[in-house]
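Reading through the structure tokens given below for one structure.
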Amino acid sequence: MKKIIKYVIVDILRNKIVIAYTLLLLAISFGLFNLDDNTSKGLLSLMNIVLIIVPLICIIFSTIYVYNSSEFIELLVSQPLQRKHIWMSLFGGIAIALSLAFFIGVGIAVFIYSFTPAALILLGVGLLLTIIFVAIALLAAVYTRDKAKGIGISVLLWLYFSLIFDGLVLFILFQFQDYPLEKLMVVISSLNPVDLSRILILLQLDVSALMGYTGAIFKDFFGTQTGIIISFVVLLLWIWAPLWASLRRFNRKDL
Amino acid sequence: MKKFIVIIISFLLLSPKVFARIYTVQKNSALSSIQQAINIATNGDTIMVMPGVYAEKNIQVNKSLVLIGKSFPVLDGQHSYEIISIKADNVILEGFKLIHSGISSLIDIAGIKIYARKNVVIKNNILDDTFFGIYLQKAVNCLIENNKLKGVATTDQQSGNGIHCWQCDSLRIIGNTIAGHRDGIYFEFVTNSAIWRNVSHANMRYGLHFMFSHENTYIGNIFKNNNAGVSVMFSHGVKMFNNIFEDNWGDGCYGIFLKEITDSYISGNKFLRNTTGIFMEGATRVLVEKNEFSKNGWAVKIDASCLDDTIRINNFLGNSFDVATNGTLVSSFSYNYWDKYEGYDLNKNNIGDVPYHPVSLFSMIVAENPSAMILFRSIMATMLDKIEKILPGITPENLVDNFPYMKPIHL
């Protein structure tokens, strides 16, 4: 298992795309922190980038990688190896490689310019989002045999988490305007890792007062230590659930 | 000759009035208590108090005297008494340090209290750990100048106001520093007064709080870091010039909260880093001009109950939301500078050719449905704002600045 992970990591790191991704993140994060003296502002812009770019790159890259290594997977399956180990190693390899890229790309700038709780949450959330979207990509890839269709599903999923979900939330908010929705919103936000991450970071920044202003419940829940721990547990669940579903499918899949 | 003698005699008879005496109060001397000195003095005399600690329970100033402290003699209220009660006109109180007044939830115990008197001057005193600081009750034409007040408020109930004025007229409150009280400066039924160059910071509730106080002028004060900012209600003829409202940041915090304010003028003020710069509720005929709104959450919030307000020639810089409203309002915006303005100026007259709509769609959504704040800074919210900017449809049509400045206005 370790050997396969190592092979996958080396294979990905040799891939120029991941290096380009690292450099892109590095350039963006240094650029944003240098743009403004106020590091909290830089962090805010960085958050927007992390919440858009990281899921997009992770989900598309992972999907393509899984399709491209289908022959390699077939080769491994013919060996006396458990399918579970093969799939987990593939996931582990991609996740570790992309996390490393994110950690180098964003982490360095964060450690240099703004070593604050908010920045650390941003870093942690970014790493979790990387892993979550790798898991989701694996799920999308394992359910479709056709590469183009698989990539299409991945892009759609990204669009859903970044945009469509928020649109639905807005729709619900206005349809059920007459009901107290604050508590429900806390639950709903945990249905989308991107939203959950955004709220977690925002509540560590100055602008949290704006959120507390309208619904103290966000702050009372997400702002406290238990709230943060629960949110991180939910994010971990977001890794586990797609991974478990994709593994179940892969175990029975006729390659 | 006879006339001369009569003059001399009458002169001698009047002499106590003419040659006011000076009493010196000093520890370990014949005259060691301030109250004792007041009792033997007559109107117009001066009492000098030498350095030392005087724990005299309650000092009753019931004659028109001048009380001067040398190098801040300490008057200790021992956590149980009102330290100085002024019950005479024309009293001057200068240079004392008052500490540890009593605390009570039944009566308003103050460091210095004026009971329905005129022409009292209180200046250059230090008040430390007083329940109410300086309390003016039905006072007229008094001067409160250069005092430093520091409370140790912990809860709303267990704290009093810094400078508390009730049913007063023609006051001048100048250059005081107030911290750690419930409200820094509190007015109720106070008229025709000037509040100038005070600093009110880190108070439990409001930096400045007034109700039913008409025709007062506030100039060059600094209200900073108070728990709920500044709140002014039910008054008309309020003039506010060149004040600074700063760092009133937190849930339900305002730079200034105007409730039922009419015919007022707010000019030259700076609103920096407040959750809400100005929140107007039921404000009518208020002119807001030449102010700077910088780095606030909401620069201006206008409730639908406002009427005929004018907001012109202001700078809006780096606010999360410029204007929010919950209705289609009938107030006018013109000649402001908005840093979010993206129009052009073809005829180079420094005024943008395209009108600016300061209300963003997302701020409308939040005003109508506060829970939508959960989408704050999401891609969805940003996109909605952009689309609305290009094709305005939902945001109030008449909330528009037809003459937006291209560059920040030099105020």
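The rows are residues; the columns are (1) farther than 29 Å from A:Ile57 by Cβ; (2) of a type in the set (Phe, Trp, Tyr); (3) more than 11 Å from every other protein chain (Cβ to nearest Cβ).
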residue: A:Tyr143; (1), (2), (3): no, yes, yes
residue: A:Val194; (1), (2), (3): no, no, no
residue: A:Leu210; (1), (2), (3): yes, no, no
residue: A:Val233; (1), (2), (3): no, no, yes
residue: A:Arg248; (1), (2), (3): no, no, yes
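Within the range B:281-327, the set of residues being under 15 Å from B:Asp401 (Cβ atoms) and among the β-branched types (Val, Ile, Thr) comprises B:Val288, B:Val300, B:Ile302, B:Thr310, B:Ile311, B:Ile313, B:Val323, B:Thr325. With respect to B:Ser235, is the statement that it is out of contact with any Pro (no Cβ under 9 Å at 6 or more places or on another chain) and closer than 15 Å to B:Ser264 by Cα true? Yes, satisfied.
Within the range B:193-229, the set of residues being basic (Lys, Arg) and assigned to a loop (DSSP other than H, G, I, E, B) comprises B:Arg197, B:Arg205.
Against the condition at pLDDT below 95 and over 13 Å from the mean Cα position of the chain (by Cα), how does B:Asn203 come out, does it pass? It is false that B:Asn203 is at pLDDT below 95 and over 13 Å from the mean Cα position of the chain (by Cα). In the range B:86-108, how many residues are surrounded by fewer than 24 Cβ atoms within 10 Å (Cβ to Cβ) and over 22 Å from B:Arg21 (Cα atoms)? Qualifying residue count for the region: 10. Taking the criterion of being touching a Lys or Arg at 6+ places or on another chain (Cβ under 8 Å) and either more than 14 Å from chain A (Cβ to nearest Cβ) or buried (at least 24 other Cβ atoms within 10 Å of the Cβ) (or both), the residues of the range B:247-265 that qualify are B:Asn248, B:Thr262, B:Asp263, B:Ser264, B:Tyr265. Filtering B:Ile195, B:Ile244, B:Ile219 for residues that are within 13 Å of the chain's Cα centre (by Cα), modelled with pLDDT of 95 or more and under 30 Å from A:Gln204 (Cβ atoms) leaves a single hit, B:Ile244.
Just the residues that are more than 14 Å from chain A (Cβ to nearest Cβ) and more than 15 Å from B:Ile302 (Cβ to Cβ), please, taken from the range B:267-288. If the condition is that a residue be more than 14 Å from chain A (Cβ to nearest Cβ) and more than 15 Å from B:Ile302 (Cβ to Cβ), then B:Ser267, B:Gly268, B:Asn269, B:Lys270 are the ones that fit. Of the listed requirements (1) closer than 17 Å to B:Asn269 by Cβ; (2) within 14 Å of chain A (Cβ to nearest Cβ), B:Ala194 misses just one: (2). Please pick out the residue among B:Gly77, B:Gly52, B:Gly102, B:Gly95 that is small (Gly, Ala, Ser), farther than 17 Å from B:Gly160 by Cβ and over 24 Å from the mean Cα position of the chain (by Cα). One residue alone meets the criteria, B:Gly52. Only one of the numbered conditions (1) among the β-branched types (Val, Ile, Thr); (2) more than 14 Å from chain B (Cβ to nearest Cβ); (3) in contact (Cβ under 8 Å) with a residue 12 or more places away in the chain is not met by A:Thr226, and that is (3).
Of all residues in the range B:136-183, those that are aliphatic (A, V, I, L, M) and assigned to a loop (DSSP other than H, G, I, E, B) total 4. Look at (1) within 27 Å of B:Leu384 (Cα to Cα); (2) in a helix (DSSP H, G or I); (3) modelled with pLDDT of 80 or more; (4) aliphatic (A, V, I, L, M) and you find that A:Leu210 fails only one, number (3).
Apart from one condition, B:Met383 fits all of (1) closer than 26 Å to A:Asp178 by Cβ; (2) modelled with pLDDT of 85 or more; (3) not assigned by TED's automatic domain parsing to the domain that holds B:Ser294; the exception is (1).
The values are calculated or read from the model by the stated rules, or taken from the named source; none is laboratory data. Since we're looking at a predicted model, the values are computed, not measured. Note that we place each Cβ from the backbone using ideal geometry, even for glycine, and neighbour counts take in every protein chain shown.
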